[in-house]
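As structure tokens, the structure follows; a few thoughts come after it.
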Amino acid sequence: MIEGKIEFVIAAYLITIFVLGGLVLFVLIDRARIKKALKKLEGETANELKTSHE
Amino acid sequence: MGILTKLANPTQFLKLSDRLLPIFATLTVIVGVWGLYLALFVAPEDYQQAQTVRIMFIHVPSAWLAMFCYTFMALSALGTLVWKHPLADVSAKALAPLGATFAFLTLVTGAIWGKPTWGTWWYWDARLTSVLILFILYLGIISLWHVIEEPAKAARITAVMILVGFVNIPIIKFSVDWWNTLHQGASVFRLDGPTIHSDILFPLIVMAAAFSFFLLTLHLLAMRNEIMRRRVRSLQRRMVRNSAPDMVPQVVR
């Protein structure tokens, strides 16, 4: 019969929360990075079009 | 098939995912909190495993989703190779890191559960080894996408690798029946019904639902990221064609 062993449960849940939280952060940081690059490129393309019209 | 054809247009997909994301994110939080409450405070202790049985509520959903992600990736690979659906490889590419994370969690929580119940963190048993192979497969697929420069070629080669690696999924599922393993046999998905008591089965199902909503939310987010990343690449190519290379920012990978 295993006594309590609650420390194993706490470790498993904490690791899961940290790993899944890290995954969410990774996806959100990736999103912010791409959005920034997209915004910059769209602005530059618009400028380029404006210049070529002029 | 109609919805799949409609979603072939990335703009349509972005519109639909815009509506679905808040719903899935809210469901993840609500069902997740409910599942944690049931798993940690309501589910009874096991008469043999005592408190450590609670590790099951995160270990088992992680394992199910690690296998589900790979199965969905295999379907997406078919979509790439057979139907040439434009979002099929976007879906597979977005799923790979998610599946790898769930496979990693399965291995880690399994080891933590194994120590007090089996007396060891790891054993080269068929179930444990096949899940480790699944994790390594995920890492291989992610690496392939990164090393092949041309997106269409990367999509084709990774699709073939995903389909070859799919042979591992039935091996994981049936390893406990085919070989004499330290890992216990199936106790939920059985022809004669689950062998777990409903007091433990219900929290397990709620946690599995929470994990599934979490996966759906992140999969949609990651797919949106990949679509935007491709838009960035096509704008970069257009700028290079217009001979303004000095304006091109660093390639987003």
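The values are calculated or read from the model by the stated rules, or taken from the named source; none is laboratory data. These numbers were taken from a predicted model, which means no experiment stands behind them. Because the Cβ atoms are built from the backbone with ideal geometry, glycine has one as well, and the counts that use them run over all protein chains shown. Note: areas computed on protein heavy atoms with side chains; ligands, DNA, RNA excluded. Shrake-Rupley method; radii C 1.70, N 1.55, O 1.52, S 1.80 Å.
Structure data summary
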{"quantity": "Considering residues of the range B:183-225 that are in contact (Cβ under 8 Å) with a residue 24 or more places away in the chain and of a type in the set (D, E, K, R) only, the residue surrounded by the fewest Cβ atoms within 10 Å (Cβ to Cβ)", "calculated": "B:Asp199"}
{"quantity": "Residue check for A:Lys40: over 30 Å from B:Pro44 (Cα atoms), facing chain B (nearest Cβ under 7 Å) and modelled with pLDDT under 90", "calculated": "yes"}
{"quantity": "B:Val29 being within 30 Å of A:Ile6 (Cα to Cα) and touching a strand residue (DSSP E or B) at 6+ places or on another chain (Cβ under 7 Å)", "calculated": "no"}
{"quantity": "Residue list for the range B:168-177, filter: at pLDDT below 90 and open to solvent by 50 Å² or more (accessible area, probe 1.4 Å)", "calculated": "B:Asp177"}
{"quantity": "Single residue of the range B:48-68 satisfying the filter (open to solvent by 30 Å² or more (accessible area, probe 1.4 Å) and at the interface with chain A (Cβ under 8 Å from one of its Cβ atoms)) that is farthest from the chain's Cα centre (by Cα)", "calculated": "B:Gln48"}
{"quantity": "Count - residues of the range B:75-92 that are over 14 Å from B:Phe13 (Cβ atoms), open to solvent by 10 Å² or more (accessible area, probe 1.4 Å) and part of a helix (DSSP H, G or I)", "calculated": "6"}
{"quantity": "Count of residues meeting criterion [within 12 Å of chain A (Cβ to nearest Cβ) and assigned to a loop (DSSP other than H, G, I, E, B)] in the range B:25-47", "calculated": "3"}
{"quantity": "The range B:135-164, residues that are open to solvent by less than 40 Å² (accessible area, probe 1.4 Å), modelled with pLDDT under 95 and either over 23 Å from B:Arg230 (Cβ atoms) or not in a helix (DSSP H, G or I) (or both)", "calculated": "B:Ile148"}
{"quantity": "Cβ pairs under 8 Å, 6+ apart, first in the range B:111-130 and basic (Lys, Arg), second not in a loop (DSSP other than H, G, I, E, B)", "calculated": "B:Lys115/A:Phe8; B:Arg127/B:Ile172; B:Arg127/B:Ser175; B:Arg127/B:Val176"}
{"quantity": "Residues satisfying the stated conditions in the range B:123-134, i.e. open to solvent by 40 Å² or more (accessible area, probe 1.4 Å) and either among the small types (Gly, Ala, Ser) or modelled with pLDDT of 95 or more (or both)", "calculated": "B:Leu132, B:Ile133"}
{"quantity": "Qualifying position, being more than 21 Å from A:Val27 (Cα to Cα) and at pLDDT 95 or above, among B:Thr120, B:Thr101, B:Thr109", "calculated": "B:Thr109"}
